[in-house]
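Remarks on the structure that follows.
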Amino acid sequence: MAKKNRNVAIVGIGQTEYSSHKEYQNQPEMINEAVRAALNDANLTLDDIDCVVHGNMELFECVHQPDLWHVLGTGSYGKPAFRITTGGTTGATVVCAADNLVASGLYDVVMAIGFEKLQEAGSTTAGITNMADPLWYRHLQTGALTSAEANLLIDEFGGERSRRAAMKHRIMMDKNAALNPRAHRRFGLEYEQLEDLMNASPPLVGELRLIHMCSQSDGACVMIFAAEEKAREICSRPVWIRDHIAVHKEEMVANNYAWEKPETSHHRAARILFERNGITDPVEYFDVFEMYDPSSWWGLDWIREFLLLDGDEHIKMVENGDLNIDGKLPLNPSGGVTSANPIGATAMARSAEAALQIRGDAGPHQIKKEVKHGLASGFGGTMWTVLIMLEKDLDWQEVG
Amino acid sequence: MAIRREDTADCFVMPGKMVLPVQYFAGRVGSKFIISLRDDKKILGVKCPKCDKVYAPPREFCEKDLAKLDENWVELGNEGIITNYTIVNYNDRHLPLKAPYILALIKVDGADTPFAHIVSGIDPDQVTIGMRVKAVFAEKTTNTILDIAHFVPVID
Amino acid sequence: MAEYFGTNAEAVFATMPERFIPEKVQDVDVTIGYDITGEGGGIWLVAIQAGTLKAEKIDSELPECSASIKTDAETFVGGSLGRIDLNAAMFAGKFKVKGDISVMTNILPKAFKKFSLAGEEQAEEFISIKAMPSINQRFATGAHMGQWFKGLMNKKFYAAKCPSCGRIQIPPREVCAECVVRSDDFVEVGPNGTVANMDIVYYASPDPLTGKVRSTPYVTLYLWMDGTTPGECLSFDLNPKDTNRIQRGMRVRPVWNEVRNAGIDDLLYFEIDD
């Protein structure tokens, strides 16, 4: 595993509710709500925070350097503070940065903030399109909307089976979201509606329909990280960060849809992370997986990528209910990204939700059986991946 | 054919543009401040119950101690003093006035924090720190801080 | 009559005349049918014609309307009061609109003041501002992309070949990041290619270069250009005339602009190579 000077724990978590509109709050006020919730959860005050890491995705709100204005709400007045912006992965990158800052010994207690107010963004798709290479792809891209992955799944497994599996994934997420009071979209979908939705939901791009795609949400997520000694002193149920990995692939986005599909950043991240931690059977090992699933088609395909599965194992897991909240490996008990996507907070909420499951504090969407080992992913940019391993106990074996 | 980075004969500059629609929300606290300027021609602030600081424009929380402020509204004066200023000497399409004009930090009576606004009715070379000014409210309101049109010097 | 949220479906229709804003719908001529199921439901017909309103409960089935709505009484009343998110209800199949959906999204919100409970306070006013920032930019191509654009001007596609692994990057990049070596060798590829994957885009999003909404549907192609390695691909638009015929695996050819100035506009689109 990656070398660490000292162990790092998650000692506090705060989230706002995620919703389509928060016109009663401005940006720092919305962030402040989550900051207070996290401090409260950790039983700490601002005096205990040594450093603040702040992040969201540029361009949506067209506010540059919002970390400066946001001092009004972040609590970073008079403290060292960093801003991170890595597109969709931002929230997960902020977690990695906080982990690194504590593990290095620079700071004992670090507060990490991810937020987005997509009600303020007139068009998320136009914003994402603007991330693309201005010389070539900005002219051609349609945000994060694509059917290319769905086309490949249909090649491999046939239209009927693939479409049913993607829609079943979507309904499974909605059923989990129905249990999560913080989830933005809770439609109350039922499996009996599967065929109806497959035909009735308006198409966005090719096989990608409106119902498959993530929401545009407002919300903030805040996590507090502490060094082992401090964590044991202030927290009765710390959740340990075992390891994290970030993989940026150099390709243009389009290369992922080439004639010969390259190894994805997700697969590469999982392969390296699991190997260096001695995980040979991730489905067996992990008790919860919070995945950044921007659409149900991607979500379906990425089960195979992240869990290093072969053939149709991932589709079978969806068909058999193995990924349900009471299944073998619960996937996104929070409802995932199709149920709430405040982009700069989204990737952090994956780690936050996995940690809450490990603590047993998730609330109505708590997994019934014990959760000891958690996996959380982030996704963004031209197919970038962050993958984070969380543990209930500090008892893992060092490998290599 | 080989191209090195030193081969600059065929380098081009491509024009680009970025156009994105956005909408900002002042929030409940900010809305009350703007509505008061617009409808009552009064400047409101909030007072921190912990550190007694009076913030104008108002904010929901004290950034230093996180105390909740939005239940401690105070009405401030429409006059104040210039705590600092700059002269804007260039024209640009995003600026509210034609150059030259005075952009000053103004601390209104009763507030502990200054905010930026335009000072008119005086030559730019006449402005001084400590000068007393008063708010002139806009006749045509826009639901922004420009519902105060500008400040003018108080003539004794 | 069955009550929901302290009122009923009948009241929503009964208050329509007093909530109606005739001056906003002078040039409107629509009929809206409501098939409201469950307790307290019924069939209502609303006609807005040149600033006049007629709203009535009818005993027969709904005639052909500009837009017709089918929902249950609770969703209808909750939606009218703003207590139920009708978007969510629509996703969940509890609120169905047939016909012209813009009647719902554009005309009705204009035609009526919001329905509210008697004595309920007016909605709180929240201040917001809308803006459309527009920033002019300039981007330098550098030598590698410069070569690419020069090629387009001469109706040629130049790609960069990695001296280590041999992969051919298109558009060209200065380094092969897999091998971490410079890719200074250029080869001419194409001009035709094979459709490796594609997106038929129905969603109309603003073009970030202009702020104007793109017209749909349009097709984005992911192409395996002749002479390149199959793990690389070039993305470009399809000639709109081929939208209904295009299939993955098909062969396509470029269509060039008459006037070419070393820019992306030099290439108009690709089209099926029959």
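The values are calculated or read from the model by the stated rules, or taken from the named source; none is laboratory data. Note that the coordinates shown come from a computational prediction; the quantities given were computed from them, not determined experimentally. Counting neighbours? That spans all protein chains shown, and the Cβs are built from the backbone with ideal geometry, glycine included.
I'd like the residue in the stretch A:137-186 that is under 26 Å from residue A:263 (Cα atoms) and of a type in the set (S, T, N, Q) and, out of all such residues, is surrounded by the most Cβ atoms within 10 Å (Cβ to Cβ).
If we take residues in the stretch A:137-186 being under 26 Å from residue A:263 (Cα atoms) and of a type in the set (S, T, N, Q), then A:146 is surrounded by the most Cβ atoms within 10 Å (Cβ to Cβ).
As an exercise: evaluate residue A:81 against (1) closer than 28 Å to residue A:206 by Cβ; (2) within 14 Å of chain B (Cβ to nearest Cβ) and give the number of the one condition it does not meet.
(1)
Can you give me the ranges of the strands (runs of 3 or more DSSP E) entirely in the stretch C:178-274 with at least 3 residues that are of a type outside the set (Phe, Trp, Tyr) and more than 14 Å from chain B (Cβ to nearest Cβ)? Before the answer, list the steps.
Details: elements: C:185-189, C:193-201, C:218-225, C:234-237, C:251-256, C:267-272.
Of the strands (runs of 3 or more DSSP E) lying wholly inside the stretch C:178-274, those with at least 3 residues that are of a type outside the set (Phe, Trp, Tyr) and more than 14 Å from chain B (Cβ to nearest Cβ) span C:193-201, C:218-225, C:234-237, C:251-256, C:267-272.
Output the number of the condition that residue C:74 fails; it satisfies all remaining conditions of (1) surrounded by 16 or more Cβ atoms within 10 Å (Cβ to Cβ); (2) over 29 Å from the mean Cα position of the chain (by Cα); (3) over 23 Å from residue C:15 (Cα atoms).
(3)
Let me confirm something: among B:111, B:138, B:99, which residue is farther than 14 Å from residue B:57 by Cα and in contact with a Phe, Trp or Tyr (Cβ under 8 Å, 6 or more places away or on another chain)? Full working, then the answer.
Values: B:111 fails: farther than 14 Å from residue B:57 by Cα; B:138 fails: in contact with a Phe, Trp or Tyr (Cβ under 8 Å, 6 or more places away or on another chain).
Residue meeting the stated conditions: B:99.
What's the total number of residues in the stretch C:166-177 that are part of a strand (DSSP E or B) and facing chain A (nearest Cβ under 10 Å)?
Taking the stretch C:166-177 as the starting set, the residues that turn out to be part of a strand (DSSP E or B) are C:168-169, C:175-176.
Filter again for facing chain A (nearest Cβ under 10 Å), leaving C:169, C:175-176.
Residues meeting the conditions: 3.
Would you mind stating whether residue C:126 is at the interface with chain A (Cβ under 8 Å from one of its Cβ atoms), in a loop (DSSP other than H, G, I, E, B) and hydrophobic (A, V, I, L, M, F, W, C)?
Numbers: at the interface with chain A (Cβ under 8 Å from one of its Cβ atoms): yes; in a loop (DSSP other than H, G, I, E, B): yes; hydrophobic (A, V, I, L, M, F, W, C): yes.
Judged against the criteria, residue C:126 is a match.
Quick check on my filter: what residues within the stretch A:12-24 are out of contact with any Leu (no Cβ under 8 Å at 6 or more places or on another chain), modelled with pLDDT of 95 or more and buried (at least 19 other Cβ atoms within 10 Å of the Cβ)?
Across the stretch A:12-24, the qualifying residues are A:15, A:16, A:18.
Could you list, in sequence order, the residues of the stretch B:129-148 that are on the phi < 0 side of the Ramachandran plot and loosely packed, with under 11 Cβ neighbours inside 10 Å?
If we filter the stretch B:129-148 for residues that are on the phi < 0 side of the Ramachandran plot, which is where we start, we get B:129, B:131-142, B:144-148.
Once the filter is applied, which keeps residues that are on the phi < 0 side of the Ramachandran plot and loosely packed, with under 11 Cβ neighbours inside 10 Å, the stretch B:129-148 yields B:139, B:140.
Step by step: first the residues of the stretch C:183-198, then only those that are at pLDDT 95 or above and of a type outside the set (A, V, I, L, M, F, W, C), then the one that is surrounded by the fewest Cβ atoms within 10 Å (Cβ to Cβ). Which residue is that?
C:188
Yes or no, residue by residue, for (1) within 8 Å of chain B (Cβ to nearest Cβ); (2) among the hydrophobic types (A, V, I, L, M, F, W, C):
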{"residue": "A:25", "(1), (2)": "yes, no"}
{"residue": "A:43", "(1), (2)": "no, no"}
{"residue": "A:46", "(1), (2)": "yes, yes"}
{"residue": "A:68", "(1), (2)": "no, yes"}
{"residue": "A:72", "(1), (2)": "yes, yes"}
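Are any of the residues in the stretch A:95-117 in contact with a Ser or Thr (Cβ under 8 Å, 6 or more places away or on another chain), assigned to a helix (DSSP H, G or I), in contact (Cβ under 8 Å) with a residue 24 or more places away in the chain and closer than 21 Å to residue A:4 by Cβ?
Yes, the stretch A:95-117 has at least one match.
Taking strands (runs of 3 or more DSSP E) that fall entirely within the stretch B:1-116, which contain at least 3 residues that are at pLDDT 95 or above and either over 30 Å from residue C:209 (Cβ atoms) or more than 10 Å from every other protein chain (Cβ to nearest Cβ) (or both)? Don't jump to the end; show me each part of the working.
Values: elements: B:13-19, B:22-25, B:43-47, B:73-76, B:79-88, B:101-108.
Answer list for the stretch B:1-116: B:43-47, B:73-76, B:79-88, B:101-108.
Anything in the stretch A:207-252 that is of a type in the set (Gly, Ala, Ser), at pLDDT 95 or above and closer than 30 Å to residue A:167 by Cβ? List them, or say none.
The answer is A:219, and nothing else.
Conditions: (1) surrounded by fewer than 22 Cβ atoms within 10 Å (Cβ to Cβ); (2) more than 29 Å from residue C:250 (Cβ to Cβ); (3) modelled with pLDDT under 90; (4) at the interface with chain A (Cβ under 8 Å from one of its Cβ atoms). Residue C:139 meets all but one. Number of the miss?
(3)
With respect to residue A:321, determine if the residue is farther than 19 Å from residue A:155 by Cβ, part of a loop (DSSP other than H, G, I, E, B) and either touching a helix residue (DSSP H, G or I) at 6+ places or on another chain (Cβ under 8 Å) or not basic (Lys, Arg) (or both). Spell out the reasoning first.
On the way: farther than 19 Å from residue A:155 by Cβ: yes; part of a loop (DSSP other than H, G, I, E, B): yes; either touching a helix residue (DSSP H, G or I) at 6+ places or on another chain (Cβ under 8 Å) or not basic (Lys, Arg) (or both): yes.
So residue A:321 fits the description; yes.
Out of all the residues in the stretch A:253-271, which are at the interface with chain C (Cβ under 7 Å from one of its Cβ atoms) and within 15 Å of residue C:178 (Cα to Cα)? Step through it out loud before you land on a result.
So in the stretch A:253-271, the residues at the interface with chain C (Cβ under 7 Å from one of its Cβ atoms) come out as A:254-255, A:257-260, A:262.
A:255, A:262 - these are the residues of the stretch A:253-271 that are at the interface with chain C (Cβ under 7 Å from one of its Cβ atoms) and within 15 Å of residue C:178 (Cα to Cα).
Across the stretch A:190-206, which residue is nearest to the other protein chains (Cβ to nearest Cβ) among those that are over 18 Å from residue A:175 (Cα atoms) and surrounded by fewer than 17 Cβ atoms within 10 Å (Cβ to Cβ)?
Within the stretch A:190-206, the match that is nearest to the other protein chains (Cβ to nearest Cβ) is A:203.
Tell me which of these residue B:90 doesn't satisfy, since it passes every other one: (1) of a type in the set (Ser, Thr, Tyr); (2) surrounded by fewer than 14 Cβ atoms within 10 Å (Cβ to Cβ); (3) within 17 Å of the chain's Cα centre (by Cα).
So the condition that residue B:90 fails would be (3).
Would a scan of the stretch A:133-146 turn up a residue that is of a type in the set (A, V, I, L, M) and within 23 Å of residue A:321 (Cα to Cα)? Outline the logic, then answer.
Looking only at the stretch A:133-146, we keep the residues that are of a type in the set (A, V, I, L, M), and these are A:135, A:140, A:144-145.
Among the residues that remain, those that are also within 23 Å of residue A:321 (Cα to Cα) are: none.
Scanning the stretch A:133-146 turns up no residue that is of a type in the set (A, V, I, L, M) and within 23 Å of residue A:321 (Cα to Cα).
Quick check: anything in the stretch A:357-374 closer than 19 Å to residue A:55 by Cα and touching a residue at least 24 places away in the same chain (Cβ under 8 Å)? Even if it seems obvious, please write down each step before you answer.
At the first step, the residues of the stretch A:357-374 found to be closer than 19 Å to residue A:55 by Cα are none.
Checking the stretch A:357-374: not a single residue is closer than 19 Å to residue A:55 by Cα and touching a residue at least 24 places away in the same chain (Cβ under 8 Å).
Considering every residue within the stretch C:106-119, establish whether at least one is of a type in the set (Ser, Thr, Tyr), at the interface with chain B (Cβ under 7 Å from one of its Cβ atoms) and in a loop (DSSP other than H, G, I, E, B). I'd like the intermediate steps shown before the answer.
First, pick out the residues of the stretch C:106-119 that are of a type in the set (Ser, Thr, Tyr): C:116.
Among the residues that remain, those that are also at the interface with chain B (Cβ under 7 Å from one of its Cβ atoms) are: none.
Within the stretch C:106-119 (the criterion being of a type in the set (Ser, Thr, Tyr), at the interface with chain B (Cβ under 7 Å from one of its Cβ atoms) and in a loop (DSSP other than H, G, I, E, B)), the answer is no, since none of the residues qualifies.
Determine whether the stretch A:223-235 contains at least one residue that is more than 18 Å from the chain's Cα centre (by Cα), crowded, with 17+ Cβ neighbours inside 10 Å and free of Cβ contacts under 8 Å to residues at least 40 places away in the same chain.
Checked the stretch A:223-235: no residue is more than 18 Å from the chain's Cα centre (by Cα), crowded, with 17+ Cβ neighbours inside 10 Å and free of Cβ contacts under 8 Å to residues at least 40 places away in the same chain.
Can you pull out every residue in the stretch C:1-59 that is surrounded by 13 or more Cβ atoms within 10 Å (Cβ to Cβ) and among the small types (Gly, Ala, Ser)?
Across the stretch C:1-59, the qualifying residues are C:2, C:9, C:11, C:33, C:38, C:40, C:41, C:42, C:47, C:51, C:55.
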